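The values are calculated or read from the model by the stated rules, or taken from the named source; none is laboratory data. In this text, all values refer to a predicted model and were calculated from it rather than measured experimentally. Cβ sites come from the backbone with ideal geometry, for glycine too, and all protein chains shown count toward neighbours.
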Amino acid sequence: MARLLPGRKVVTAVPLAWLLLFFLVPFLIVLKISFSEGILAMPPYAPMIEWTRDGVLSIKLHLANYRFLFTDALYVDAFLYSVKVAAISTALCLLIGYPMALGIARAPAARRSLLLMLVILPFWTSFLLRVYAWIGLLKDDGLINNLLIWLHLMSSPLHMVNTSFAVYVGIVYSYLPFMVLPLYSNLEKHDATLLEAAADLGAAPWKTFLRITWPLSIPGVMAGAMLVFIPAVGEYVIPTLLGSANQLMIGRVLSDEFFENRDWPVASAVAIVILLLLLVPIVIFQRYNRRELEGSG
Amino acid sequence: MRRRPALWLPSMLAFGFAFLYLPILSMIGFSFNASRLVTVWDSVHSPTLKWYVALFQNRQIMDAAWLSVRIGLMNASAAMVLGTMAGFVLVRFGRFRGRGLLATLTTAPLVLPEIITGLSLLLLFVAMEQLIGWPARRGVATITIAHISFSVAYVAIIVRARLVGFDESLEEAALDLGARPAQVFRRITLPLISPALLSGWLLSFTLSWDDVVISQFVAGPGSSTLPMVIFSKVRLGVSPDVNALATLMVSLVAIGVVVSSLFLQHRERLRTQEMRMALAD
């Protein structure tokens, strides 16, 4: 059928051209600028490729931006802190999300689509406003502190907002659906007769879980973990609203470098290093994702 | 198998849902609170609608909301067309040169940190301005282009998933009966994948309506979208009219999602029924 469709080339070329121009080319520009020298001009970077006066093409690879990133403690700290926050948040998402996904997959079939919709619904509502809601809950005079004091569990408010704790809460909260959905779509496909066989043979439920359910769900775990970890490393909104100003995540550093210091080459170098850092997780995700998309077809 | 209903799974589910919904519910509750201190309930004057009134009188928010609606509509429509093309090509055109590239480009935006996408698009626009003089000013056009380029990926994924589970014999039958390929696409393929188009459109609109990081990079002076305005307001502290705005947005989305999923379920049921009847004939 597709072979008969007229304009096959056009149908392929239009989206491909769009994505090349507005997705691939921009990365090449970032890469180029990360090797440029910062100057006071608009745009604030020196051209990398230039025709010198005697007609010689000169290409300058300026590595100082990268050297700067790896020697200045601010950047190294921000990178390490971001990876730590993303890793711990991913683990927490898995801890909360796995039982949820399992609970939905094991629920009666009629109730499953409702439960699934309840997981997806927050995803459709404004991410920004949901993060904002946590400020109201975590503030010194916020709902949680008021409740704790009212219950006499606490005499003075617990300082929670503008701390790493609030950042973890915000990230886990925002990315939980990204963990639950791929896990559910994996767990839902499991063959229930395997579990019954294990139980018939006398295996305890926890053993059945460890020996059957968990190993079978690894692809779902990996897809969910990458879907949380990757964007969490570069997260900007959550740490800006909930985090402390003394401990910056790398996304914030990039943004400050760009908008406040107007140092485009260093900001670009930060972006390239984030990308390199995320390359392995992205490749892992692409592998599991492709298997998921093409395996069923 | 011993069928002792395990209690801990449902209780973990309940905990998870409480975690997901309590913040939203608290925001809704406090949007009716008379006190300016967001978290102190003023039981004498509450519930009140004064923050809703204040919201609709706030020109900055209303202008930004209208801008976001316009960008969202343009983005969703363009992304639906481009994403459907990409999804269709990936499933139906077999192996061709550039397929791997297209497949990668349609999944990359899903996982890339927004901050990198935003930076790279801004640098592209600056380079384009130097080269061809366009875009001379950053604003609605650049924000829309940026939104389209990440929304396309989501639409492509949804359309792709729909096409993978698609019965091609219907199209073959239509072709055998003498329909022209364009006719087949319009009369058979398009109606069958229309649920995917609808959810792709809605998702693209939502993504655009919600985006703050990428917009902040590619926006120019005087083109602040609603999330950008909310973000700068919220950075300065909690404000009650934002609670009212959140309540309105959450209710709209909830209604939209429920109605559209009921509609899709209904259509799906009709279609299966029609198929069954057609096969029975």
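Just a few scattered comments:
- Extreme residue, nearest to the chain's Cα centre (by Cα), among residues of segment B:177-208 that are assigned to a loop (DSSP other than H, G, I, E, B) and more than 23 Å from B:Leu270 (Cβ to Cβ): B:Arg180
- Count - residues of segment A:187-216 that are in contact (Cβ under 8 Å) with a residue 60 or more places away in the chain and not charged (D, E, K, R): 3
- Answer residue from segment A:175-200, given it is farther than 30 Å from A:Ile88 by Cβ and not small (Gly, Ala, Ser) and is surrounded by the most Cβ atoms within 10 Å (Cβ to Cβ) among those: A:Leu195
- Among the residues making up segment B:57-72, those that are of a type in the set (A, V, I, L, M, F, W, C) and loosely packed, with under 15 Cβ neighbours inside 10 Å are B:Met62, B:Trp66.
- Residue ID - modelled with the lowest pLDDT, chosen from residues in segment B:3-33 that are in a loop (DSSP other than H, G, I, E, B) and more than 21 Å from A:Trp150 (Cα to Cα): B:Arg3
- A:Val221 away from chain B (no Cβ under 11 Å) and either buried (at least 19 other Cβ atoms within 10 Å of the Cβ) or at positive phi (or both): yes
- In the set A:Pro43, A:Pro108, A:Pro15, only one residue is without any contact (Cβ under 8 Å) to a residue 60 or more places away in the chain and at the interface with chain B (Cβ under 9 Å from one of its Cβ atoms); that residue is A:Pro15.
- Selection status of B:Ala174, more than 28 Å from the chain's Cα centre (by Cα), touching a residue at least 12 places away in the same chain (Cβ under 8 Å) and either assigned to a helix (DSSP H, G or I) or more than 20 Å from B:Ala79 (Cβ to Cβ) (or both): yes
- The set of residues from segment B:229-271 being polar (S, T, N, Q), at pLDDT below 85 and over 18 Å from the mean Cα position of the chain (by Cα) comprises B:Ser239, B:Gln265.
- In segment A:32-53, the condition of being part of a strand (DSSP E or B), at pLDDT 75 or above and small (Gly, Ala, Ser) is met by at least one residue.
- Inter-residue pairs, beta-carbon under 6 Å, first within 7 Å of chain A (Cβ to nearest Cβ) and within 18 Å of B:Val69 (Cα to Cα) and in segment B:220-246, second outside any loop (DSSP other than H, G, I, E, B) and modelled with pLDDT under 90, 6+ apart: B:Ala246/B:Met27
- For segment B:181-203, the criterion of being facing chain A (nearest Cβ under 10 Å) and either of a type in the set (S, T, N, Q) or touching a strand residue (DSSP E or B) at 6+ places or on another chain (Cβ under 7 Å) (or both) is met by at least one residue.
- Inside segment B:193-219, residues that are farther than 25 Å from A:Ala133 by Cα and surrounded by 16 or more Cβ atoms within 10 Å (Cβ to Cβ) make up a count of 10.
- Wholly enclosed helices (runs of 4 or more DSSP H) of segment B:47-164 bearing at least 3 residues closer than 25 Å to A:Leu254 by Cβ and touching a residue at least 12 places away in the same chain (Cβ under 8 Å): B:59-92, B:99-111, B:114-132, B:140-164
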